[in-house]
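K.L.:
I'd like to ask some things about the structure below.
The values are calculated or read from the model by the stated rules, or taken from the named source; none is laboratory data. Remember, it's a predicted structure, so these values are computed and weren't measured experimentally. Here the Cβ is made from the backbone with ideal geometry for all residues, glycine too, and neighbour counts use every protein chain on show. Please note that ligands, DNA and RNA were not included when accessible areas were found on the heavy atoms of the full protein model with its side chains. Shrake-Rupley method; radii C 1.70, N 1.55, O 1.52, S 1.80 Å.
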Amino acid sequence: MTPYWQRRAEWVWRQRGVHAIPFGVPGLSAADEQNRYVYFRRAFTLEPTPQTASALVSADGRYQLYVNGHLVGRGPARCHPAQQQADPYDLLPYLQPGNNVIAALAHSYDKLTAWYELPGWEHSLAFGCGGFFLEGAITFASGIPFLLDTGETWRCLESPAWERDVPSGSVGFTERYDARREPVGWNTIDFDDSGWDTAEVLRVPGRQFAADIVPFPMMVLRDIPPLRESLASCESILRIAEVTDAPPAGNIATLFDHEPLAALSACSVVGNAFPLTITTIPGRSVSLVLDFGRIVTGRLRFTVDAPDGAVLDFTHSERLREDGRVLIHQGIPNFDTPQAHRVTLRAGYQTWEAFEWAGFRYAQITLRHCERPLSLHAVEVNQTGYPVEAHGQFACSDELLNRVWQVGANTVRLCMHDAYVDCPSREQRQYMGDAYVQTQVNYAAFGDADLAARLLRQIAASQLTDGLVMMCAPGDFARLQFLNIPDFTLYWIMTLERYIQFTGDTALAREMFPVIFRAVGWFERFLNPDGLLTDVPHWVFVDWAELDKNGQVTALNAQFVAALVAAAQVSRLADQEHEAARYEALAAQVTAGINHMLWDEVRGVYVDARGSRRVSQQANAAAIAFGVAPVERWPRMLDAIMDESRLVLTRTGEEIPDLVPFNEEQQIVMAQPFYGHHLHRALAQAGRVTALLDHIRRRWGALVAAGDDTFPETWQISELTSLCHGWSATPTFDLSTEVLGITPLTPGFTRFRVAPQPAGLTWARGTFPTPHGAIAVDWRIADGAFTLTLTVPEDTEAEVALAGLPVTTAAPGTHEFCIEDANHA
């Protein structure tokens, strides 16, 4: 469990006049704090040399923390308000003898976002939203600490620089910032804050002599490391153009839409690389289109020497329009707003950085009101993301597959932040189904356990009273509860089992067993007398494709079998043998129902649903991958669903009630990238690894050959499609587990299997990270012989399975194996 501590500091915010609240009557309004930025400062003097200086920091919203003008960190990581997280910091490297200052910028939202939930209960009634918290102490040789805790010793100022009434959506508010209104140097030692208010402590009396009401009564320590940050410059300036100013608009995106690019005529730009000197005339502006060379995640940063009142509008995206402008992502209808921002510059040299991070490749900047020349010295991105290292490696004799492995790893890395996000551009939500694939790619490429453990706990915390967990959490969708995907509850169970197997964290089994029990119980309510899930409510998703998902759905029932098997394994680790046996018996019952009711013997395939004639790769891959279909059926099934001439790529996501008609007797629905994970498991289980590699080359290899360095959400691309979607990265996992042949047999790889599959390749080598160190595999075929060099980490044992040789057990160390006739490998 995440540690809890008895806190000492107070939560503070700007002066609003907090007061006791009558029963059920709101005190302060959250709406009053919508999109509000507040500065905080605590100045102090150090005489003796400090030995330690530590702090725990949080905010209701997001914050930036500074010491003596240096950025120390940002936070908090996304969390549920019932377990508000605090970030630990070591402040000692930033302190100096004499005068010092700790400063912070905190942002309150008053709106649910993809990653933020408003507080509830008495907290929301008393204080609305908004707040900043720091509990810190400096220690000396004397043993007497100097406390830095937030309270009435802190000063605050509402920032006048940000315009508050601006469009907002899933990823927060657009920024309209006026640098002329910023208190320059507000976070530095010499700044005079005597005109600032005293911060107001957020504490009021409880009801009927109960404990005081305070924000976030349960706070826990952050359970993941700080996110990485590093600066990167744009790779090239694609276009330097002139635009005719469009009429003013409430959303800056409207200006970009209505300002086509034209050649420079009335305006001037000196230089074709940074620094650029830009001069405009009234009614005309200069627009730059920049390419960072790849999709990046971070905050845009501008360094300029500007005339007073010059305006810098900017937007960003993963792609360009046909006319060369940035194609602004519209996001999800009714939830999002196009992301475009404005900075009004003060006179002189300055650097400005966006408050929120985003995912993009291209940026477009329009500079206005530069009748006096403006010098644009740099446009950079302060890259951010979860800090992982490339502990996993893969290379083989097919360079295309090598590139596919790297692109998959990069795709997931860009989707790892304070959560496994579905995509860094459109949503930034932590979806459970997406994370089922993402976590497994992570195990192969990076070997991180902490972010996956956090995912599992956060999704578990979203469990409803009926037993379902929310499809994504924490954030707006979890709080609004307007839509849910039941199959993602099954993925939560399956992801938990995979997590324990790859990390060895068996303690999580006991912690999560009650959640499993309630989740399985929800599905049991929808079993019909034939043992099949029937008319399951909510959005049965399966895949972004037009499967028939009415009534008794093959893919969903097969996934229920897989989840029951996973639940049984986790239950045994939690010493719940009775439930484990019950889950296994139920899995056998559902399996029998699928095989009896959903199999089409004439065509040799499983239909999508009972009474349907529609056939899909998804339903049949699920039947094999999830252990439902008898082995003797596999050849007919795979011959049918891997026949390229029969596959149909169907629509994704359109709100059209009817299935698109096609020849259901002959044609088969193609799996999208997400369900490719299960299709590849089916092929591997059937021993068709050559077909698996061919499928990777045909689908993912084509993207890499076209120059993509991330994998998209779906095979077809629309304006809503994310071009960097972690659920599409399964080939990275597939190549490490099938070609290198590495799979855990017991939790944490204490015992693992090595069974390489050459599948037409002549060599392959790589490493697979484990809690005990990396497993290294290097096999090659030369001069008619197959050789394998295997490194087994300490405290583990390998089971080596090579065709033509008996299964061998290998102890820690490096071992070599040889098969003289490579045809048997």
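K.L.:
Does the stretch 76-86 contain any residue that is in a strand (DSSP E or B) and either surrounded by fewer than 21 Cβ atoms within 10 Å (Cβ to Cβ) or aliphatic (A, V, I, L, M) (or both)?
P.N.:
Yes - at least one qualifying residue is present in the stretch 76-86.
K.L.:
Within the stretch 550-560, work out how many residues are surrounded by fewer than 24 Cβ atoms within 10 Å (Cβ to Cβ) and closer than 14 Å to residue 585 by Cα.
P.N.:
Adding up the residues that qualify gives 0.
K.L.:
Looking at (1) within 33 Å of the chain's Cα centre (by Cα); (2) open to solvent by less than 60 Å² (accessible area, probe 1.4 Å); (3) over 23 Å from residue 636 (Cα atoms), can you tell me which one residue 569 breaks?
P.N.:
With respect to (1) within 33 Å of the chain's Cα centre (by Cα); (2) open to solvent by less than 60 Å² (accessible area, probe 1.4 Å); (3) over 23 Å from residue 636 (Cα atoms), residue 569 is out only on (2).
K.L.:
Being among the hydroxyl-bearing types (Ser, Thr, Tyr), surrounded by fewer than 24 Cβ atoms within 10 Å (Cβ to Cβ) and under 23 Å from the mean Cα position of the chain (by Cα) is the filter here; which residues of the stretch 677-733 pass it?
P.N.:
Passing the criteria: 714, 718, 721.
K.L.:
Follow-up question, since we're still on this one. Hey, any hits in the stretch 751-761 for a residue that's within 23 Å of residue 675 (Cβ to Cβ), in a loop (DSSP other than H, G, I, E, B) and open to solvent by less than 30 Å² (accessible area, probe 1.4 Å)?
P.N.:
yes
K.L.:
Given 297, 279, which one is over 24 Å from residue 235 (Cβ atoms), modelled with pLDDT of 95 or more and touching a Pro at 6+ places or on another chain (Cβ under 6 Å)?
P.N.:
279
K.L.:
Which of the residues belonging to the stretch 786-825 are within 24 Å of residue 393 (Cα to Cα), among the small types (Gly, Ala, Ser) and outside any loop (DSSP other than H, G, I, E, B)?
P.N.:
Answer for the stretch 786-825, where residues must be within 24 Å of residue 393 (Cα to Cα), among the small types (Gly, Ala, Ser) and outside any loop (DSSP other than H, G, I, E, B): 798, 810, 813.
K.L.:
Now, a different point. Would you check if there is a residue in the stretch 578-601 being acidic (Asp, Glu) and open to solvent by 50 Å² or more (accessible area, probe 1.4 Å)?
P.N.:
Step one: list which residues in the stretch 578-601 are acidic (Asp, Glu), which gives 579, 584, 600-601.
Checking which are open to solvent by 50 Å² or more (accessible area, probe 1.4 Å) leaves us with 584, 601.
Yes; the residues of the stretch 578-601 include at least one that is acidic (Asp, Glu) and open to solvent by 50 Å² or more (accessible area, probe 1.4 Å).
K.L.:
Here's another thing I want to ask about it. Could you give every pair whose Cβ atoms fall below 6 Å, whose first residue belongs to the stretch 508-536 and is farther than 13 Å from residue 586 by Cα, and whose second residue is open to solvent by 60 Å² or more (accessible area, probe 1.4 Å) and modelled with pLDDT under 95, counting only separations of at least 6 or pairs across chains?
P.N.:
none
K.L.:
A further question follows. If I filter the stretch 632-648 for residues that are free of Cβ contacts under 8 Å to residues at least 12 places away in the same chain and under 28 Å from residue 529 (Cβ atoms), do I get at least one hit?
P.N.:
Yes, the stretch 632-648 has at least one match.
K.L.:
Hey, another quick one. What do you reckon, is residue 157 open to solvent by less than 40 Å² (accessible area, probe 1.4 Å), assigned to a strand (DSSP E or B) and under 18 Å from residue 59 (Cα atoms)?
P.N.:
Criteria not met by residue 157.
K.L.:
Moving to a separate point now. Residues in the stretch 270-321 that are more than 21 Å from residue 245 (Cα to Cα), of a type outside the set (A, V, I, L, M, F, W, C) and either open to solvent by less than 10 Å² (accessible area, probe 1.4 Å) or not in a strand (DSSP E or B) (or both): how many?
P.N.:
Residues that pass the stated criteria total 8.
K.L.:
Name the strands (runs of 3 or more DSSP E) wholly within the stretch 323-405 that hold at least 2 residues that are open to solvent by less than 10 Å² (accessible area, probe 1.4 Å), more than 17 Å from residue 292 (Cβ to Cβ) and touching a Cys at 6+ places or on another chain (Cβ under 6 Å)?
P.N.:
Result: empty, no element qualifies.
K.L.:
So, in the stretch 8-28, exactly how many residues are over 16 Å from residue 106 (Cα atoms), open to solvent by 50 Å² or more (accessible area, probe 1.4 Å) and either in contact (Cβ under 8 Å) with a residue 12 or more places away in the chain or of a type in the set (D, E, K, R) (or both)?
P.N.:
Number satisfying all stated conditions: 7.
K.L.:
Would you be able to say whether some residue in the stretch 801-817 is closer than 17 Å to residue 738 by Cα and open to solvent by less than 40 Å² (accessible area, probe 1.4 Å)?
P.N.:
There is at least one residue in the stretch 801-817 that is closer than 17 Å to residue 738 by Cα and open to solvent by less than 40 Å² (accessible area, probe 1.4 Å).
K.L.:
If you don't mind, another one. Would you check which residues across the stretch 667-690 are touching a Lys or Arg at 6+ places or on another chain (Cβ under 6 Å) and part of a loop (DSSP other than H, G, I, E, B) and list them?
P.N.:
Selection gives 667 alone.
K.L.:
Would it be correct to say that residue 59 is closer than 23 Å to residue 168 by Cβ, out of contact with any helix residue (DSSP H, G or I) (no Cβ under 9 Å at 6 or more places or on another chain) and modelled with pLDDT under 95?
P.N.:
Answer is no for this residue.
K.L.:
I want to confirm something. Restricting to the stretch 220-239 and keeping residues that are over 26 Å from residue 90 (Cβ atoms) and open to solvent by 50 Å² or more (accessible area, probe 1.4 Å), which single residue is farthest from the chain's Cα centre (by Cα)?
P.N.:
Selected residue: 239.
K.L.:
What residue, of 493, 500, is in contact with a Ser or Thr (Cβ under 7 Å, 6 or more places away or on another chain) and among the β-branched types (Val, Ile, Thr)? Break it down into steps so the answer makes sense when it comes.
P.N.:
Values: 493 fails: in contact with a Ser or Thr (Cβ under 7 Å, 6 or more places away or on another chain).
Testing whether each residue is in contact with a Ser or Thr (Cβ under 7 Å, 6 or more places away or on another chain) and among the β-branched types (Val, Ile, Thr) leaves just 500.
K.L.:
Which residue pairs have Cβ atoms under 8 Å apart, sit 6 or more places apart or on different chains, and have a first residue in the stretch 565-580 that is free of Cβ contacts under 8 Å to residues at least 24 places away in the same chain and a second that is of a type in the set (Ser, Thr, Tyr) and surrounded by 22 or more Cβ atoms within 10 Å (Cβ to Cβ)?
P.N.:
Listed pairs, sorted by first residue: 568/583; 577/571; 580/571.
K.L.:
Under 8 Å between Cβ atoms, which residue pairs at least 6 apart in sequence (or on different chains) link something in the stretch 192-203 that is under 9 Å from residue 12 (Cα atoms) with a partner that is small (Gly, Ala, Ser)?
P.N.:
Pairs that qualify, where the first residue is under 9 Å from residue 12 (Cα atoms) and the partner is small (Gly, Ala, Ser), are 199/151; 200/17; 201/151; 202/126; 202/131.
K.L.:
Out of 644, 654, 713, report the one residue that is modelled with pLDDT of 95 or more and within 25 Å of residue 539 (Cβ to Cβ).
P.N.:
When all the criteria are applied, what remains is 713.
K.L.:
From the list 740, 683, 735, 723, which one is of a type outside the set (Ser, Thr, Tyr) and under 22 Å from residue 643 (Cα atoms)?
P.N.:
When all the criteria are applied, what remains is 683.
K.L.:
Could you list all residues from the stretch 255-269 that are closer than 18 Å to residue 369 by Cβ and part of a helix (DSSP H, G or I)?
P.N.:
255, 256
K.L.:
Please go through the stretch 484-523 and pick out each residue that is of a type in the set (Asp, Glu) and open to solvent by 10 Å² or more (accessible area, probe 1.4 Å).
P.N.:
497, 505, 511
K.L.:
Pull up the stretch 255-269, narrow it to residues that are closer than 18 Å to residue 307 by Cβ and in contact (Cβ under 8 Å) with a residue 24 or more places away in the chain, then point me to the one that is most open to solvent (accessible area, probe 1.4 Å).
P.N.:
266
K.L.:
Would you point out the residue of the stretch 609-637, among those that are of a type in the set (Lys, Arg) and assigned to a loop (DSSP other than H, G, I, E, B), that is surrounded by the most Cβ atoms within 10 Å (Cβ to Cβ)?
P.N.:
Selected residue: 610.
K.L.:
Let me confirm something: among 211, 246, which residue is touching a Leu at 6+ places or on another chain (Cβ under 6 Å), over 29 Å from residue 384 (Cα atoms) and part of a loop (DSSP other than H, G, I, E, B)?
P.N.:
One residue alone meets the criteria, 246.
K.L.:
Let me ask something else about it. For the stretch 443-483, enumerate the residues that are assigned to a loop (DSSP other than H, G, I, E, B), surrounded by fewer than 18 Cβ atoms within 10 Å (Cβ to Cβ) and of a type outside the set (A, V, I, L, M).
P.N.:
Selection gives 465, 466, 481, 482.
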